[in-house]
Amino acid sequence: MVLPTVDPDWEIRAAAFQALEWLVARHGPTLRWDTIQEGFEFKGQHLYFATKAKGIFRPKEMRGAALSIKTIIPRGNRPVPYEDSAGEDGVFTYKLRGDDPDNHDNRLLQQAWKASTPLIYFLAVEPGIYQPLWPIFIRGIDRERLECTLSVDDAALAEREQRVPMVADARAIEIRREYVTVQTKRRLHQARFRLEVLRAYEKRCAVCRLPREELLDAAHIVADREETGAPVVPNGLALCRLHHGVFDTDLMGIRPDGVIELSKSLLDTRDGPTLEHAVKAFQGQHLHLPRRIEDQPGQRFLEERYARFRRAG
Ligand SMILES: [Zn+2]
């Protein structure tokens, strides 16, 4: 196997990864551009992770491959969220800069590819909001299509192998990276589904109107394990934790016309104020639906789910 060439910037790269780890611990998995823009410290110097203008970035203090790549947003356009994370396979695709695969920036990616250098990928999830992914490795560069394929790796294992490359088995690493990438994409898609559903419902529970985002889930109408359970807004409902639980256990059903129906066993149960006021009071009420028709629950999703509720009852 080919030994990775020694990365002349490994100390800076390690400092950048460490700094990102702290940022994510403090701010959660997505970071605002303002936070990324603050950069990081390395031996008393101040360095940047990325710059606003560039997709492919290497600080002037570094000599080897790029440090980071970032979703490119065409001038005047809003980013298409997760455009570069489409597909369920074990790779991300990233467009090279311009139409010359050998220009300065693209050469920084070629170097990363040849030397198996780990990079950071700032993936745009919304305007001004990025999900940092690292370590990310270039799997290949397609000069005709002007794009490269990337895979994410497990940070701890990748770091150990960078230090002791002799023990690493190339095929095993490739399989592991595919797996980590598929998992990462799945998490990204779930996060996007939640964001879109909560936005459509104006961050309120569709049953009780509870307005606390941290207590809201994006529930699937038809479960995502079912073949028909696509993660799209018309198959979603913003529900608070309580109503999500009641809905998921089929103690609450939604009629295809949007009216809430509780199971007979629940209606027959007598208990304190939570059951009476927070659950049973909604029997026969109408769901609060998004204003945009295209965000409202799809009829076929509602029908399929309501049939399940009836069978459960
Ligand atoms: Zn609720």
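None of the figures in this text is laboratory data; all of them are computed from the coordinates on show. What you see is a predicted model, and the numbers here were worked out from it, not measured in a lab. Cβ: placed from backbone, ideal geometry, glycine included. Neighbour counts: every protein chain shown.
Taking R0 as 51 Å, what FRET efficiency do you get between Ala14 and His277 from their Cβ-Cβ distance, rounded to the nearest 0.05? Approximately 0.40, to the nearest 0.05. Look at Cys208, Cys148 and count the other Cβ atoms within 10 Å of each Cβ; fewest to most, that gives Cys208, Cys148. Quick check: from the Cα gyration tensor, does region 10-196 come out rounded (a/c under 1.5), prolate or oblate? Because its axes are fairly even, with a/c under 1.5, region 10-196 counts as rounded.
Place a +1 charge on the Cβ of each Lys and Arg in region 204-312 and a -1 charge on the Cβ of each Asp and Glu, then give the dipole magnitude about the Cα centre in debye, rounded to the nearest 20.
On the way: 16 positive and 17 negative charges, 53 e Å.
Around 260 debye, computed over region 204-312.
Calculated FRET efficiency, Thr249 and Trp33, Cβ-Cβ r, R0 41 Å, to nearest 0.05?
0.50
Got a sec? How would Glu294, Glu126 order by Cβ neighbour count within 10 Å, fewest to most? Present the calculation step by step, with values, prior to reporting the outcome.
Values: Glu294 9, Glu126 16.
Fewest-to-most ranking of Glu294, Glu126: Glu294, Glu126.
Annotated for region 10-196: lysine pairs at least 8 residues apart or interchain, Cα distance under 17 Å, count 8. Across the options His220, Thr184, Ile12, the greatest Cα extent toward the positive end of the charge dipole of the chain (unit charges at beta carbon of Lys, Arg, Asp, Glu) belongs to His220. If a spin label sat at a point 7 angstrom from the Cα of Asp257 along the line to its beta carbon, the backbone N atoms of region 270-313 nearer than 14 Å would be those of 284-287. In this Cβ point-charge picture (+1 for Lys and Arg, -1 for Asp and Glu), the chain has a dipole of about 480 debye about its Cα centre.
Gain on full extension, evaluated as 0.36 nm per residue between Val24 and Glu303 minus their Cα-Cα distance, stands at 96.4 nm. How far apart, in nm, are two points set 7 Å out from the Cα along the Cα-to-Cβ line at Arg160 and at Val232? The modelled label-to-label distance comes out at 4.3 nm. Working note: Cα atoms of the chain, range along each principal axis, descending, whole Å: 71, 38, 37.
Computed extension length for Arg63-Ala172: 36.2 nm, one decimal, from 0.36 nm per residue of separation with the Cα-Cα distance subtracted. For the chain, the relative contact order is 12 percent, taking Cα pairs closer than 8 Å that sit 6 or more residues apart in sequence and dividing their mean separation by the residue count. Stretching Lys264 away from Glu126 to a fully extended chain increases their span by 45.4 nm, per 0.36 nm per residue minus the current alpha-carbon distance.
Taking neighbour Cβ counts within 10 Å as the exposure measure, how do Lys43, Lys185 sort from fewest upward? Neighbour counts put them in this order, fewest first: Lys43, Lys185.
Of all lysines in the structure, those lying under 29 Å Cα to Cα from Lys280, and not within fewer than 8 positions of it along the same chain, are Lys203, Lys264. Between Glu294 and Arg143, the modelled labels are 4.1 nm apart [label points 7 Å from Cα along Cα→Cβ].
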